[in-house]
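One structure below.
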Amino acid sequence: MHSSLSLADIPVGSSARITSIVTIGPNRRRLLDLGLVPGSRVDSIRRSPAGNPTAYWIKGTVIALRNEDASQILVDTRGVF
Amino acid sequence: MTVNCHIVSTEPGKDNPTVRNHFIIALAGNPNVGKSTVFNRLTGMKQHTGNWPGKTVIKAEGTFYHRNRRYTLVDLPGTYSLHAGSADEQVARDFICFSRPDITLVVSDATCLERNLNLVLQVLEITSQVVLCVNLMDEAKRKRIQVDTEKLAQELGIPVVGTAARSGQGLNRLKNVLGDMVDGKIVTSPRCVVYDQELESLVQQIEPRLAIYMPNWVNRRWVALRLLEGEFNLLNHIPHNALMDYPRGEIKEDGALCLL
């Protein structure tokens with residue numbers, strides 16, 4: 001069973017592992033191309049003053065995601081340090 | 001070194017291959033991997049380099065000579081994929097797919113290879129004439145990252161050359177590999193991504209039916225996969241001149257499934 005925790009929920013400074021991406025079509029493709037693939041580790045590193053978007057560290061690069069997109073990415077924080 | 005600019009021939013394969021000595025090389029890669037530095041090193045040009053998104057907005061061209069061959073190098077915008085999600089990606093994709101470069105040289109960042117290999121595999125789905133340049137090897141060494149370029153070449157089925165373009169390291173080898181490739185001394189056998197059975201069987205149904213709609217040098221497997229993804233817009237980018245009886249409107253309105 002997947003946790004219902006999404007990337008948008010994890011606090012700045014914490015890390016998680018991607019379990020699934022719940023969107024389809026070009027949006028899903030785009031996220032996968034940016035390196036957001038299941039099994040990958042993501043670090044939430046910075047949030048913009050308005051709270052949206054948030055910058056994430058993924059596979060060696062900083063990627064900024066809107067909360068709408070980040071909430072499509074389900075994650076697991078257990079065992080990720 | 002001679003600096004020059006040329007109009008890229010859209011039909012490089014038209015000439016007799018035995019007498020050709022002018023080759024087109026497409027330079028692709030993720031943003032911020034030192035692609036423009038490789039371009040400048042190879043051509044002796046001083047194209048502006050810097051690291052902000054979308055820097056190389058249009059494709060830049062330069063020429064270099066090596067072992068009595070002339071090469072036109074086309075610097076494409078840096079992209080993470082070839083799915084035409086942005087203007088940059090579309091420029092890069094259209095050039096690799098439809099301008100028939102003799103070789104596509106993919107530049108990647110040795111410090112985050114995993115991220116970069118996504119684009120490499122996408123390029124390999126379009127063309128087998130690919131050379132991988134693993135750049136920033138100096139940076140990787142500083143970060144204690146070792147890249148086994150030989151193993152990588154084996155896994156991908158294409159030549160892999162490690163470089164540190166800022167200092168010029170590895171660039172002579174890169175030119176030799178490009179030369180060996182156009183001379184036919186290197187033959188690639190690229191790793192092909194195989195999808196699940198359902199998808200593959202759809203591809204098998206669509207692929208042969210595409211033959212009448214496009215010239216035979218267009219990679220029909222790749223086009224079939226894009227149509228299955230719903231990228232119908234792609235059909236409008238296939239060059240007109242080679243398509244005498246191309247029923248554009250028909251495909252556009254009916255979509256990919258009418259081909260089944």
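Dimensions of region A:4-76 along the principal axes, based on C-alpha atoms and rounded to the nearest Å, stand at 31, 25, 21, largest first. Approximating the spin labels as points 7 Å out from Cα along Cα→Cβ, the A:ASN27-to-B:HIS22 distance works out to 4.8 nm. Near A:SER71, the amide H atoms lying under 5 Å from its own belong to A:ALA8; only residues 5 or more places off or on other chains count, and H is placed 1.01 Å from N.
Peptides A:18-28, B:189-199, ordered by how many other C-beta atoms sit within 10 Å of their residues on average, highest first, read A:18-28, B:189-199. Coupling constants for region B:206-219 follow from the phi torsions by the Karplus curve (6.51 cos²θ - 1.76 cosθ + 1.60, θ = phi - 60°), and in residue order they are 7, 3, x, 6, 7, 3, 6, 8, 8, x, 6, 7, 6, 6 Hz; glycine and proline get x. The 3J(HN,Hα) values that the Karplus relation (6.51, -1.76, 1.60; θ = phi - 60°) gives for region B:222-237 are, in residue order, 5, 4, 4, 5, 5, 4, 5, 7, x, 8, 5, 4, 3, 4, 6, 9 Hz. Gly and Pro appear as x. Here's how it looks for B:CYS133: its modeled amide H is under 5 Å from those of B:VAL106, B:VAL107, B:SER108, B:VAL161, which are all 5 or more places away or on a different chain. For region A:4-76, relative contact order (Cα pairs under 8 Å, six or more residues apart, normalised by length) works out to 43 percent.
With the helix formula -39500 (n - 2.57) applied to DSSP H stretches of n ≥ 4, chain A reaches a computed 222 nm mean residue ellipticity of -3500 deg cm²/dmol. Proximity of backbone amide H atoms, modeled 1.01 Å from N, is registered between A:SER14 and A:SER44 at under 5 Å, excluding neighbours fewer than 5 places apart on the same chain.
Here the Karplus relation 6.51 cos²θ - 1.76 cosθ + 1.60, evaluated at θ = phi - 60°, turns the backbone of region B:21-32 into coupling constants of 9, 10, 10, 9, 10, 8, 10, 10, x, 5, x, 6 Hz, with x for every Gly and Pro.
Coordinate-derived values only; no laboratory data. Being a predicted model, the structure only gives us computed values, none of them experimental. Methodologically, a virtual Cβ is constructed for each residue, glycine included, from the backbone with ideal geometry; neighbour enumeration extends over all protein chains shown.
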